[in-house]
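Student: Just passing along the structure, written as structure tokens.
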Amino acid sequence: MNLVEHLPAAAHRRMAWRNGLGTTLEIARDTDGTKADFGWRVSMADVSQSGDFSPFPGMTRIISVLEGAGMRLNVDGLCTPALGCWETFIFSGDAQVSCKLLDGPIRDFNLIYRPDRYQGELSWLRLDGTRQLGVVATTLLFCDQGSLCILGGHSPIRLERHDAARVALASSGQTLTLQGQAHLGLIQLRPLATPKTATSGCGTCPP
């Protein structure tokens, strides 16, 4: 049986950006929300102006645009192609990153995780009716548009716009049944059996 935790939009926690230039709505993380350290975090943020991103040393970041015309990122001096709605971009939290809004404010969606602890993925799905979904150790569903019901060995859970659900896997090979009309984000996190360690370089080269 899968254990599914409902994460209603009204309960998402607002918190300040590390650089003090805005706020984030935290949807879920792997630790108590009062702790500064985490292994992974899922959030969304309203970005009203171009500017710098907060650093997250030792983390990997996956970002998507939920609403608005999109943005371009500058990552360590290199400009990316325009990032539109539901396109994903992966970059290091150690990088110096800034964004240039294409045409007004946007809302973005973020998965941040420690690559030495987890393998993380973010994808976007269109649900039109009924669908079976395989889940991994930690799976999160985020309802971007529309609504859906989650079925699978528990009382049905209904997700409306910006609600989310966190699935704890009881055993391998488990599936969920999704029913509804919705556009949703699928976040999957697989813990690494052995934490990765940096490979030593030569005396003059960084590892």
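Student: Wholly within segment 24-83, which strands (runs of 3 or more DSSP E) include no fewer than the required count, namely at least 1 residues that are touching a residue at least 60 places away in the same chain (Cβ under 8 Å) and not basic (Lys, Arg)?
Tutor: Numbers: elements: 40-47, 60-67, 71-75.
Output list reads 40-47, 60-67.
Student: Among LEU140, LEU133, which is at negative phi, surrounded by fewer than 20 Cβ atoms within 10 Å (Cβ to Cβ) and not polar (S, T, N, Q)? Even if it seems obvious, please write down each step before you answer.
Tutor: Numbers: LEU140 fails: surrounded by fewer than 20 Cβ atoms within 10 Å (Cβ to Cβ).
None of the other options fit; the residue is LEU133.
Student: Would you mind stating whether GLY51 is out of contact with any Ser or Thr (no Cβ under 7 Å at 6 or more places or on another chain) and either in the same structural domain as ALA164 (by TED's automatic domain parsing) or over 17 Å from ILE187 (Cβ atoms) (or both)? Before you say what the answer is, go through the steps one by one.
Tutor: Values: out of contact with any Ser or Thr (no Cβ under 7 Å at 6 or more places or on another chain): no; either in the same structural domain as ALA164 (by TED's automatic domain parsing) or over 17 Å from ILE187 (Cβ atoms) (or both): yes.
Spelling it out, it is not the case that GLY51 is out of contact with any Ser or Thr (no Cβ under 7 Å at 6 or more places or on another chain) and either in the same structural domain as ALA164 (by TED's automatic domain parsing) or over 17 Å from ILE187 (Cβ atoms) (or both).
Student: State which residue is surrounded by the most Cβ atoms within 10 Å (Cβ to Cβ) when the search covers only segment 87-116 and only residues that are in contact (Cβ under 8 Å) with a residue 60 or more places away in the chain and not in a strand (DSSP E or B).
Tutor: Per the stated criteria, the residue is ARG114.
Student: Next question, about the same structure. Would you check if there is a residue in segment 67-90 being of a type in the set (Gly, Ala, Ser) and within 22 Å of LEU189 (Cβ to Cβ)? Don't jump to the end; show me each part of the working.
Tutor: Start the filter on segment 67-90 by keeping residues that are of a type in the set (Gly, Ala, Ser), which leaves 68-70, 77, 82, 84.
From what is left, the residues that are within 22 Å of LEU189 (Cβ to Cβ) are none.
Scanning segment 67-90, I find no residue that is of a type in the set (Gly, Ala, Ser) and within 22 Å of LEU189 (Cβ to Cβ), so the answer is no.
Student: With respect to ARG18, determine if the residue is touching a residue at least 12 places away in the same chain (Cβ under 8 Å), out of contact with any helix residue (DSSP H, G or I) (no Cβ under 8 Å at 6 or more places or on another chain), over 22 Å from LEU148 (Cα atoms) and part of a strand (DSSP E or B). Before the answer, list the steps.
Tutor: Working: touching a residue at least 12 places away in the same chain (Cβ under 8 Å): yes; out of contact with any helix residue (DSSP H, G or I) (no Cβ under 8 Å at 6 or more places or on another chain): yes; over 22 Å from LEU148 (Cα atoms): yes; part of a strand (DSSP E or B): no.
Answer is no for this residue.
This table checks each residue for (1) charged (D, E, K, R); (2) outside the structural domain of ARG29 (by TED's automatic domain parsing).
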position: ASP76; (1), (2): yes, no
position: TRP86; (1), (2): no, no
position: PHE89; (1), (2): no, no
position: SER98; (1), (2): no, no
position: ASP103; (1), (2): yes, no
position: ILE106; (1), (2): no, no
position: LEU122; (1), (2): no, yes
position: LEU127; (1), (2): no, yes
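Student: Something else now. Answer yes if at least one residue in segment 143-152 is closer than 27 Å to SER50 by Cβ and touching a strand residue (DSSP E or B) at 6+ places or on another chain (Cβ under 6 Å), and no otherwise.
Tutor: We begin by selecting, within segment 143-152, every residue closer than 27 Å to SER50 by Cβ; these are 144-145.
Then keep just the ones that are touching a strand residue (DSSP E or B) at 6+ places or on another chain (Cβ under 6 Å); that gives 144-145.
Among the residues of segment 143-152, at least one is closer than 27 Å to SER50 by Cβ and touching a strand residue (DSSP E or B) at 6+ places or on another chain (Cβ under 6 Å), which makes the answer yes.
Student: Just one of GLY180, GLY152 is modelled with pLDDT under 95 and either surrounded by 18 or more Cβ atoms within 10 Å (Cβ to Cβ) or under 20 Å from ILE27 (Cα atoms) (or both); which is it? Steps first, answer last, please.
Tutor: Numbers: GLY180 fails: modelled with pLDDT under 95.
Residue meeting the stated conditions: GLY152.
Student: The conditions are (1) without any contact (Cβ under 8 Å) to a residue 60 or more places away in the chain; (2) surrounded by fewer than 21 Cβ atoms within 10 Å (Cβ to Cβ), and GLN119 fails exactly one of them. Which is it?
Tutor: (1)
Student: Which condition does PHE109 not pass, out of (1) more than 24 Å from PRO55 (Cα to Cα); (2) modelled with pLDDT of 95 or more, if it passes all the others?
Tutor: Exception for PHE109: condition (1).
The values are calculated or read from the model by the stated rules, or taken from the named source; none is laboratory data. These numbers come from a predicted model, not from an experiment. Note: ideal-geometry Cβ built from the backbone for every residue, glycine included; neighbour counts use all protein chains shown.
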